[in-house]
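One structure below.
The values are calculated or read from the model by the stated rules, or taken from the named source; none is laboratory data. Just so it is clear, the structure is predicted and the values come from calculations on it, not from any experiment. Virtual Cβ from ideal backbone geometry, glycine too; neighbours counted across all protein chains shown. Side chains are part of the model used for accessible areas, which takes the heavy atoms of the whole protein and leaves out ligands, DNA and RNA. Shrake-Rupley method; radii C 1.70, N 1.55, O 1.52, S 1.80 Å.
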Amino acid sequence: MDQGRPFQYDEQRLVCDGVDIAGLADSFGTPLYVYSAKQISERAGLFQNAFAGTPHTVCYAVKANSSLAILKMLAAQGCGFDIVSGGELARVLKAGGPEVASRVVFSGVGKIAGEMDAALAADILQFNVESEPELELLASRAAALGKKARIALRVNPDVSAETHPYISTGLSAHKFGIGIQLARAVYARAAQFPSIETTGVSVHIGSQIRQVEPFAEALEKTLNLVRELRADGHNIRNVDAGGGLGIEYGDKSFDAAQQVQKYAAALQSALGDMDVHLLLEPGRFLVGQAGALVTRVLYRKANGDKKFTIVDAAMNDLIRPALYQAHHEIVPVVRDEAVATEEADIVGPVCESGDFFARSRALQQTEQGDLIAILDAGAYGLSLSSNYNTRVRPAEVLIEDGKARLIRRRETYDELFAPEIF
Ligand SMILES: *Cc1c(COP(=O)(O)O)cnc(C)c1O
(Lines give C-alpha, C1' and ligand atoms only; values in the text may rest on other atoms or scores of the structure.)
Protein backbone atom coordinates (compact mmCIF):
# COMPACT_ATOMS: atom_id res chain seq x y z
CA MET A 1 0.00 0.00 0.00
CA ASP A 2 1.30 3.46 -0.90
CA GLN A 3 1.08 6.00 1.90
CA GLY A 4 2.89 8.60 -0.15
CA ARG A 5 6.29 8.24 1.51
CA PRO A 6 9.73 8.16 -0.08
CA PHE A 7 10.91 5.74 2.63
CA GLN A 8 10.44 2.20 1.32
CA TYR A 9 12.00 -1.21 1.82
CA ASP A 10 14.50 -2.61 -0.61
CA GLU A 11 14.23 -6.24 0.49
CA GLN A 12 14.90 -5.90 4.22
CA ARG A 13 16.57 -2.53 4.29
CA LEU A 14 14.85 0.83 4.56
CA VAL A 15 15.93 3.22 1.80
CA CYS A 16 15.08 6.78 0.81
CA ASP A 17 15.18 7.30 -2.95
CA GLY A 18 17.51 4.33 -3.19
CA VAL A 19 19.89 5.44 -0.40
CA ASP A 20 20.37 2.98 2.46
CA ILE A 21 19.25 4.48 5.78
CA ALA A 22 21.47 2.30 7.98
CA GLY A 23 24.46 3.47 5.97
CA LEU A 24 23.49 7.11 6.59
CA ALA A 25 23.20 6.46 10.32
CA ASP A 26 26.71 4.98 10.29
CA SER A 27 28.16 7.88 8.30
CA PHE A 28 26.41 10.78 10.01
CA GLY A 29 25.46 9.40 13.41
CA THR A 30 22.07 9.46 15.13
CA PRO A 31 19.64 11.01 15.76
CA LEU A 32 19.54 12.04 12.12
CA TYR A 33 16.90 13.73 9.99
CA VAL A 34 16.78 12.41 6.43
CA TYR A 35 14.82 14.23 3.70
CA SER A 36 13.98 13.40 0.10
CA ALA A 37 14.68 16.40 -2.14
CA LYS A 38 12.76 14.60 -4.86
CA GLN A 39 9.55 14.42 -2.88
CA ILE A 40 9.71 18.05 -1.73
CA SER A 41 10.25 19.23 -5.25
CA GLU A 42 7.52 16.94 -6.60
CA ARG A 43 5.03 18.17 -4.03
CA ALA A 44 5.77 21.80 -4.86
CA GLY A 45 5.36 20.87 -8.53
CA LEU A 46 1.98 19.26 -7.80
CA PHE A 47 0.78 22.56 -6.35
CA GLN A 48 2.20 24.61 -9.18
CA ASN A 49 0.62 22.36 -11.81
CA ALA A 50 -2.76 21.96 -10.11
CA PHE A 51 -3.18 25.73 -10.07
CA ALA A 52 -1.67 26.30 -13.52
CA GLY A 53 -5.01 27.63 -14.80
CA THR A 54 -5.14 30.35 -12.11
CA PRO A 55 -2.57 33.14 -11.69
CA HIS A 56 -0.90 32.05 -8.47
CA THR A 57 2.23 31.90 -6.32
CA VAL A 58 3.07 29.00 -4.03
CA CYS A 59 4.44 30.66 -0.88
CA TYR A 60 5.94 27.79 1.10
CA ALA A 61 5.31 28.21 4.85
CA VAL A 62 8.87 28.41 6.16
CA LYS A 63 8.06 27.41 9.72
CA ALA A 64 7.27 23.83 8.64
CA ASN A 65 10.94 23.22 7.85
CA SER A 66 13.24 26.20 7.59
CA SER A 67 16.43 24.47 6.45
CA LEU A 68 18.37 26.82 4.17
CA ALA A 69 19.10 24.01 1.70
CA ILE A 70 15.39 23.24 1.35
CA LEU A 71 14.47 26.93 1.05
CA LYS A 72 17.12 27.36 -1.65
CA MET A 73 15.75 24.43 -3.59
CA LEU A 74 12.17 25.74 -3.40
CA ALA A 75 13.24 29.27 -4.34
CA ALA A 76 14.97 27.86 -7.43
CA GLN A 77 11.72 26.13 -8.31
CA GLY A 78 9.92 29.48 -8.34
CA CYS A 79 8.27 29.24 -4.94
CA GLY A 80 7.72 32.23 -2.73
CA PHE A 81 7.56 32.08 1.05
CA ASP A 82 5.17 32.67 3.91
CA ILE A 83 7.23 33.94 6.83
CA VAL A 84 6.25 34.63 10.42
CA SER A 85 9.32 36.39 11.82
CA GLY A 86 12.32 38.55 11.00
CA GLY A 87 14.44 35.44 11.41
CA GLU A 88 12.49 33.67 8.69
CA LEU A 89 12.85 36.74 6.48
CA ALA A 90 16.62 36.60 6.96
CA ARG A 91 16.53 32.89 6.12
CA VAL A 92 14.65 33.22 2.85
CA LEU A 93 16.82 36.14 1.72
CA LYS A 94 19.95 34.17 2.56
CA ALA A 95 18.68 31.06 0.78
CA GLY A 96 17.09 32.68 -2.26
CA GLY A 97 18.69 36.10 -2.62
CA PRO A 98 17.02 39.53 -2.62
CA GLU A 99 14.84 38.70 -5.61
CA VAL A 100 12.69 36.25 -3.60
CA ALA A 101 11.32 39.18 -1.57
CA SER A 102 8.78 39.90 -4.29
CA ARG A 103 7.28 36.47 -3.51
CA VAL A 104 7.27 36.80 0.29
CA VAL A 105 4.23 37.32 2.50
CA PHE A 106 4.67 38.10 6.18
CA SER A 107 2.09 36.57 8.56
CA GLY A 108 1.92 36.49 12.35
CA VAL A 109 0.05 38.20 15.19
CA GLY A 110 3.05 39.80 16.87
CA LYS A 111 5.31 41.49 14.32
CA ILE A 112 7.69 43.98 15.91
CA ALA A 113 8.98 47.27 14.48
CA GLY A 114 12.44 45.91 13.59
CA GLU A 115 10.91 43.02 11.67
CA MET A 116 8.61 45.38 9.78
CA ASP A 117 11.56 47.63 8.93
CA ALA A 118 13.56 44.71 7.54
CA ALA A 119 10.60 43.49 5.48
CA LEU A 120 9.95 47.02 4.17
CA ALA A 121 13.61 47.41 3.24
CA ALA A 122 13.50 44.06 1.40
CA ASP A 123 10.28 45.23 -0.34
CA ILE A 124 8.28 42.05 0.29
CA LEU A 125 5.12 41.32 -1.64
CA GLN A 126 2.67 41.75 1.22
CA PHE A 127 2.18 42.02 4.97
CA ASN A 128 -0.69 39.91 6.26
CA VAL A 129 -1.85 42.18 9.06
CA GLU A 130 -3.69 40.61 11.98
CA SER A 131 -4.88 43.57 14.11
CA GLU A 132 -5.54 47.31 14.04
CA PRO A 133 -2.64 48.22 16.36
CA GLU A 134 -0.34 46.25 14.06
CA LEU A 135 -1.71 48.21 11.10
CA GLU A 136 -0.97 51.48 12.90
CA LEU A 137 2.59 50.50 13.72
CA LEU A 138 3.21 49.28 10.17
CA ALA A 139 1.83 52.53 8.73
CA SER A 140 4.14 54.56 10.93
CA ARG A 141 7.22 52.41 10.17
CA ALA A 142 6.55 52.61 6.44
CA ALA A 143 6.04 56.38 6.64
CA ALA A 144 9.28 56.77 8.59
CA LEU A 145 11.19 54.79 5.95
CA GLY A 146 9.48 56.53 3.04
CA LYS A 147 7.98 53.23 1.84
CA LYS A 148 4.54 52.01 0.99
CA ALA A 149 3.50 48.78 2.70
CA ARG A 150 1.31 46.46 0.66
CA ILE A 151 -1.12 44.78 3.01
CA ALA A 152 -3.76 42.13 3.29
CA LEU A 153 -5.82 41.79 6.41
CA ARG A 154 -5.84 38.26 7.66
CA VAL A 155 -9.51 37.63 8.24
CA ASN A 156 -10.89 35.11 10.63
CA PRO A 157 -13.76 33.47 8.72
CA ASP A 158 -15.20 31.59 11.71
CA VAL A 159 -14.93 28.29 9.88
CA SER A 160 -14.28 25.18 11.89
CA ALA A 161 -11.80 22.64 10.65
CA GLU A 162 -11.55 19.27 12.30
CA THR A 163 -7.97 19.12 13.44
CA HIS A 164 -6.07 19.25 16.70
CA PRO A 165 -7.20 22.29 18.79
CA TYR A 166 -3.63 23.65 18.90
CA ILE A 167 -3.40 23.82 15.11
CA SER A 168 -6.91 25.05 14.35
CA THR A 169 -6.88 28.81 13.77
CA GLY A 170 -10.03 29.88 11.91
CA LEU A 171 -12.57 30.26 14.71
CA SER A 172 -13.43 33.48 16.54
CA ALA A 173 -12.08 31.82 19.67
CA HIS A 174 -8.57 31.86 18.19
CA LYS A 175 -6.05 34.67 18.40
CA PHE A 176 -5.56 34.84 14.63
CA GLY A 177 -6.83 37.43 12.19
CA ILE A 178 -9.56 40.04 12.30
CA GLY A 179 -13.22 38.98 12.49
CA ILE A 180 -14.46 38.98 8.92
CA GLN A 181 -17.48 41.12 9.83
CA LEU A 182 -15.14 43.90 11.04
CA ALA A 183 -12.79 43.72 8.08
CA ARG A 184 -14.45 46.31 5.84
CA ALA A 185 -14.14 49.01 8.47
CA VAL A 186 -10.48 48.17 9.07
CA TYR A 187 -9.75 48.27 5.33
CA ALA A 188 -11.38 51.71 5.20
CA ARG A 189 -9.05 52.81 7.97
CA ALA A 190 -6.05 51.23 6.32
CA ALA A 191 -6.71 53.05 3.06
CA GLN A 192 -6.47 56.37 4.89
CA PHE A 193 -2.80 55.87 5.68
CA PRO A 194 -0.72 57.26 2.80
CA SER A 195 1.98 54.67 3.59
CA ILE A 196 -0.39 51.70 3.21
CA GLU A 197 -1.69 50.08 0.06
CA THR A 198 -4.54 47.58 0.47
CA THR A 199 -3.61 44.87 -2.04
CA GLY A 200 -5.02 41.63 -0.66
CA VAL A 201 -7.08 39.57 1.73
CA SER A 202 -5.70 36.55 3.51
CA VAL A 203 -7.19 33.63 5.37
CA HIS A 204 -5.64 30.57 7.04
CA ILE A 205 -7.87 28.23 8.99
CA GLY A 206 -5.42 25.78 10.51
CA SER A 207 -3.15 22.86 9.84
CA GLN A 208 -3.37 19.12 9.05
CA ILE A 209 -6.83 19.56 7.50
CA ARG A 210 -7.72 16.55 5.39
CA GLN A 211 -11.12 17.60 4.05
CA VAL A 212 -11.15 20.25 1.35
CA GLU A 213 -14.63 21.64 2.16
CA PRO A 214 -13.50 23.94 5.02
CA PHE A 215 -10.93 25.53 2.68
CA ALA A 216 -13.61 26.18 0.08
CA GLU A 217 -15.98 27.59 2.70
CA ALA A 218 -13.30 29.95 4.04
CA LEU A 219 -12.37 31.05 0.54
CA GLU A 220 -15.99 31.72 -0.39
CA LYS A 221 -16.42 33.96 2.63
CA THR A 222 -13.15 35.68 1.77
CA LEU A 223 -14.19 36.26 -1.84
CA ASN A 224 -17.48 37.80 -0.75
CA LEU A 225 -15.42 40.24 1.24
CA VAL A 226 -13.17 40.88 -1.77
CA ARG A 227 -16.22 41.83 -3.85
CA GLU A 228 -17.35 44.27 -1.16
CA LEU A 229 -13.88 45.73 -0.82
CA ARG A 230 -13.56 46.23 -4.55
CA ALA A 231 -16.93 47.97 -4.53
CA ASP A 232 -15.57 50.16 -1.72
CA GLY A 233 -12.72 51.16 -4.05
CA HIS A 234 -9.86 48.98 -2.78
CA ASN A 235 -7.66 47.55 -5.50
CA ILE A 236 -7.59 44.01 -4.11
CA ARG A 237 -5.41 41.80 -6.32
CA ASN A 238 -4.09 39.05 -4.05
CA VAL A 239 -6.22 36.44 -2.36
CA ASP A 240 -4.11 34.43 0.04
CA ALA A 241 -5.84 31.12 0.75
CA GLY A 242 -3.33 30.14 3.46
CA GLY A 243 -1.94 26.66 4.03
CA GLY A 244 -3.05 23.72 6.09
CA LEU A 245 -3.56 20.87 3.64
CA GLY A 246 -2.99 17.66 5.61
CA ILE A 247 -0.97 14.53 4.98
CA GLU A 248 -1.28 10.86 6.00
CA TYR A 249 0.44 10.06 9.30
CA GLY A 250 -1.07 6.60 9.64
CA ASP A 251 -1.04 3.53 7.42
CA LYS A 252 -3.91 4.40 5.09
CA SER A 253 -3.14 4.76 1.43
CA PHE A 254 -2.52 8.33 0.33
CA ASP A 255 -2.35 9.84 -3.12
CA ALA A 256 -0.77 13.26 -2.81
CA ALA A 257 -1.44 14.19 -6.43
CA GLN A 258 -5.13 13.39 -6.05
CA GLN A 259 -5.31 15.35 -2.78
CA VAL A 260 -3.86 18.47 -4.42
CA GLN A 261 -6.25 18.05 -7.36
CA LYS A 262 -9.23 17.94 -5.00
CA TYR A 263 -7.94 20.95 -3.09
CA ALA A 264 -7.34 22.92 -6.28
CA ALA A 265 -10.75 21.99 -7.69
CA ALA A 266 -12.47 23.14 -4.47
CA LEU A 267 -10.64 26.48 -4.44
CA GLN A 268 -11.06 27.04 -8.16
CA SER A 269 -14.76 26.35 -8.00
CA ALA A 270 -15.08 28.93 -5.21
CA LEU A 271 -13.07 31.36 -7.33
CA GLY A 272 -15.15 30.93 -10.47
CA ASP A 273 -14.08 33.56 -12.98
CA MET A 274 -12.96 36.08 -10.39
CA ASP A 275 -9.83 37.88 -11.46
CA VAL A 276 -7.36 37.51 -8.61
CA HIS A 277 -3.80 36.42 -7.97
CA LEU A 278 -4.05 33.43 -5.69
CA LEU A 279 -1.42 32.92 -2.99
CA LEU A 280 -1.08 29.46 -1.47
CA GLU A 281 0.88 28.71 1.68
CA PRO A 282 1.45 24.97 1.95
CA GLY A 283 3.96 23.90 4.58
CA ARG A 284 3.45 20.39 5.94
CA PHE A 285 2.15 19.06 2.64
CA LEU A 286 5.44 19.80 0.86
CA VAL A 287 7.89 18.55 3.46
CA GLY A 288 6.12 16.39 6.05
CA GLN A 289 6.26 12.98 4.42
CA ALA A 290 9.63 13.73 2.81
CA GLY A 291 11.44 13.43 6.14
CA ALA A 292 12.17 10.79 8.77
CA LEU A 293 14.00 10.93 12.06
CA VAL A 294 16.41 8.02 12.35
CA THR A 295 17.30 6.99 15.86
CA ARG A 296 19.19 4.17 17.56
CA VAL A 297 17.97 1.98 20.41
CA LEU A 298 20.02 2.69 23.53
CA TYR A 299 18.37 0.40 26.06
CA ARG A 300 15.40 -1.80 26.60
CA LYS A 301 13.74 -2.07 29.97
CA ALA A 302 10.55 -3.15 31.67
CA ASN A 303 8.72 -1.61 34.62
CA GLY A 304 6.32 -4.34 35.69
CA ASP A 305 4.39 -5.41 32.60
CA LYS A 306 5.27 -2.30 30.68
CA LYS A 307 8.12 -2.39 28.20
CA PHE A 308 10.16 0.59 27.17
CA THR A 309 12.48 1.07 24.24
CA ILE A 310 14.80 3.98 24.98
CA VAL A 311 16.19 5.62 21.87
CA ASP A 312 18.77 8.36 21.33
CA ALA A 313 16.26 10.86 19.88
CA ALA A 314 14.00 12.76 22.24
CA MET A 315 11.19 15.29 22.46
CA ASN A 316 13.69 18.11 21.99
CA ASP A 317 14.38 16.68 18.49
CA LEU A 318 10.75 15.97 17.55
CA ILE A 319 8.10 17.36 19.86
CA ARG A 320 4.94 16.55 17.89
CA PRO A 321 3.93 13.46 19.91
CA ALA A 322 4.44 15.33 23.20
CA LEU A 323 2.85 18.60 22.05
CA TYR A 324 -0.06 17.43 19.90
CA GLN A 325 -0.42 13.76 20.89
CA ALA A 326 0.56 13.26 17.27
CA HIS A 327 0.85 9.78 15.80
CA HIS A 328 3.96 8.90 13.81
CA GLU A 329 4.52 5.57 12.13
CA ILE A 330 7.73 3.99 13.38
CA VAL A 331 9.52 1.30 11.39
CA PRO A 332 12.66 -0.81 11.75
CA VAL A 333 15.55 0.29 9.54
CA VAL A 334 16.34 -3.36 8.91
CA ARG A 335 13.24 -5.49 8.95
CA ASP A 336 13.24 -9.17 9.63
CA GLU A 337 10.05 -11.19 9.39
CA ALA A 338 11.62 -13.89 11.58
CA VAL A 339 11.75 -11.51 14.55
CA ALA A 340 8.67 -11.38 16.78
CA THR A 341 6.55 -8.28 17.24
CA GLU A 342 6.55 -6.67 20.67
CA GLU A 343 4.51 -3.90 22.25
CA ALA A 344 6.53 -1.16 23.92
CA ASP A 345 6.65 2.57 24.58
CA ILE A 346 9.26 4.23 22.40
CA VAL A 347 10.79 6.94 24.58
CA GLY A 348 13.71 9.36 24.60
CA PRO A 349 16.31 10.19 27.25
CA VAL A 350 14.80 13.55 28.30
CA CYS A 351 13.65 13.90 31.89
CA GLU A 352 9.92 14.31 31.19
CA SER A 353 7.20 11.67 31.09
CA GLY A 354 5.95 13.47 27.97
CA ASP A 355 9.14 12.44 26.21
CA PHE A 356 7.72 9.65 24.08
CA PHE A 357 7.36 8.96 20.38
CA ALA A 358 4.75 6.22 20.74
CA ARG A 359 2.92 4.42 23.51
CA SER A 360 2.23 0.68 23.55
CA ARG A 361 3.33 0.43 19.94
CA ALA A 362 3.61 -2.98 18.32
CA LEU A 363 6.90 -3.09 16.49
CA GLN A 364 9.43 -5.69 15.42
CA GLN A 365 11.32 -6.44 18.61
CA THR A 366 14.45 -4.33 18.76
CA GLU A 367 17.81 -5.01 20.32
CA GLN A 368 20.25 -2.53 21.76
CA GLY A 369 21.99 -0.79 18.86
CA ASP A 370 19.18 -1.36 16.34
CA LEU A 371 17.95 1.55 14.25
CA ILE A 372 14.35 2.67 13.85
CA ALA A 373 12.88 5.44 11.72
CA ILE A 374 10.14 7.80 12.86
CA LEU A 375 8.31 8.64 9.65
CA ASP A 376 6.63 11.84 8.44
CA ALA A 377 8.98 13.98 10.51
CA GLY A 378 9.88 16.46 7.75
CA ALA A 379 7.43 19.14 8.94
CA TYR A 380 7.49 20.69 12.40
CA GLY A 381 10.37 18.39 13.31
CA LEU A 382 13.71 20.16 13.39
CA SER A 383 11.97 23.53 13.08
CA LEU A 384 10.28 22.89 16.45
CA SER A 385 13.38 21.38 18.05
CA SER A 386 15.20 22.78 21.04
CA ASN A 387 18.30 22.23 23.12
CA TYR A 388 16.31 21.13 26.19
CA ASN A 389 18.42 19.02 28.57
CA THR A 390 21.43 20.64 26.84
CA ARG A 391 21.13 18.22 23.97
CA VAL A 392 22.63 19.14 20.62
CA ARG A 393 20.10 19.06 17.83
CA PRO A 394 20.23 16.31 15.18
CA ALA A 395 22.16 16.52 11.94
CA GLU A 396 20.17 16.68 8.69
CA VAL A 397 20.87 15.07 5.35
CA LEU A 398 19.14 15.70 2.05
CA ILE A 399 18.93 12.90 -0.53
CA GLU A 400 19.44 14.39 -3.98
CA ASP A 401 19.81 12.31 -7.16
CA GLY A 402 20.54 9.16 -5.17
CA LYS A 403 23.21 10.84 -3.04
CA ALA A 404 23.14 12.08 0.53
CA ARG A 405 24.30 15.59 1.33
CA LEU A 406 24.79 16.86 4.86
CA ILE A 407 22.75 20.08 5.10
CA ARG A 408 23.14 20.65 8.83
CA ARG A 409 25.88 19.17 10.93
CA ARG A 410 25.38 18.24 14.52
CA GLU A 411 25.88 21.11 16.95
CA THR A 412 28.78 21.24 19.40
CA TYR A 413 28.57 22.05 23.10
CA ASP A 414 30.69 25.16 22.52
CA GLU A 415 28.09 26.43 20.05
CA LEU A 416 25.38 25.89 22.65
CA PHE A 417 27.33 27.85 25.27
CA ALA A 418 28.48 30.64 22.93
CA PRO A 419 25.73 33.18 23.81
CA GLU A 420 26.09 32.68 27.56
CA ILE A 421 27.92 35.05 29.88
CA PHE A 422 29.19 33.73 33.20
C1 LIG B 1 1.62 27.49 9.71
C2 LIG B 1 1.02 28.31 8.62
C3 LIG B 1 0.94 27.81 7.32
C4 LIG B 1 1.35 26.41 6.95
O5 LIG B 1 0.53 25.45 7.52
P6 LIG B 1 0.69 23.93 7.06
O7 LIG B 1 -0.31 23.20 7.84
O8 LIG B 1 2.08 23.52 7.39
O9 LIG B 1 0.43 23.88 5.59
C10 LIG B 1 0.46 28.64 6.34
N11 LIG B 1 0.07 29.92 6.61
C12 LIG B 1 0.12 30.42 7.87
C13 LIG B 1 -0.32 31.81 8.10
C14 LIG B 1 0.59 29.64 8.90
O15 LIG B 1 0.63 30.15 10.14
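Residues whose amide H falls under 5 Å from that of Y60, counting only those 5 or more places apart or on a different chain, are G80, F81, D82, with hydrogens built in the peptide plane. Beta-bridge orientation, the chain: approximately 50 percent antiparallel, per DSSP, counting only bridges with both partners inside. Close amide-amide hydrogen proximity is noted between I407 and E396, V397, L398, each under 5 Å apart and 5 or more residues distant or on a separate chain (H modeled in the peptide plane; Pro and chain starts excluded).
If the segment from A338 to R300 were pulled out straight at 0.36 nm per residue, it would be longer than the present Cα-Cα gap by 11.7 nm.
Treating each Cα of the chain as an identical point scatterer and summing with the Debye formula, the log10 of I(q)/I(0) at q = 0.10 Å⁻¹ comes to -0.71. Between the beta carbons of S353 and R189, assuming R0 = 60 Å, the FRET efficiency works out to 0.75 to the nearest 0.05.
Multiplying the residue separation of A90 and D232 by 0.36 nm and removing their Cα-Cα distance gives an extension gain of 47.5 nm.
If R0 is 45 Å, the Cβ-Cβ spacing of R408 and N224 corresponds to a FRET efficiency of close to 0.50. For segment 409-422, 3J(HN,Hα) computed residue by residue from phi via the Karplus equation (6.51, -1.76, 1.60; θ = phi - 60°) reads 7, 5, 6, 10, 4, 4, 5, 5, 7, 3, x, 8, 10, 8 Hz, glycine and proline entered as x.
A simple spin-label model places pseudo-atoms 7 Å from Cα toward Cβ; at D345 and S102 they are separated by 5.5 nm. A simple count of charges around V104, restricted to other residues whose Cβ falls under 10 Å of its Cβ and scoring Lys, Arg +1 and Asp, Glu -1, yields -2. In sequence order, segment 288-297 has phi-based couplings of x, 7, 6, x, 9, 9, 9, 9, 10, 6 Hz under the Karplus curve 6.51 cos²θ - 1.76 cosθ + 1.60, θ = phi - 60°, and Gly or Pro positions carry x. How large is the Kirkwood hydrodynamic radius of segment 330-370, in angstrom, based on all distinct alpha carbon pairs? Result for segment 330-370, one decimal place: 11.2 Å. The portion of the accessible surface of segment 107-282 made up by carbon and sulfur, rounded to a whole percent, is 50 (1.4 Å probe; DNA, RNA and ligands excluded).
Each Lys or Arg adds one and each Asp or Glu subtracts one; over the other residues with Cβ under 10 Å from the Cβ of A142, this totals +2. Centre-to-centre separation between the Cα atoms of segment 114-159 and those of segment 18-36: 42 Å.
Counting each DSSP H run of 4 or more residues in the chain as -39500 (n - 2.57), what helix-only mean residue ellipticity at 222 nm follows after dividing by all residues, to the nearest 500 deg cm²/dmol?
Calculated at 222 nm, the ellipticity per residue is -9000 deg cm²/dmol.
Which FRET efficiency value, to the nearest 0.05, do you get for A257 and Y9 by plugging their Cβ-Cβ distance into 1/(1 + (r/R0)^6) with R0 = 22 Å? Taking R0 as 22 Å, the efficiency between A257 and Y9 is 0.45. Please identify the longest segment of the chain free of exposed GluC sites (Glu not before Pro), where exposed means a DSSP state other than H, G, I, E or B and no more than 14 other Cβ atoms within 10 Å. Here the longest run is 163-336.
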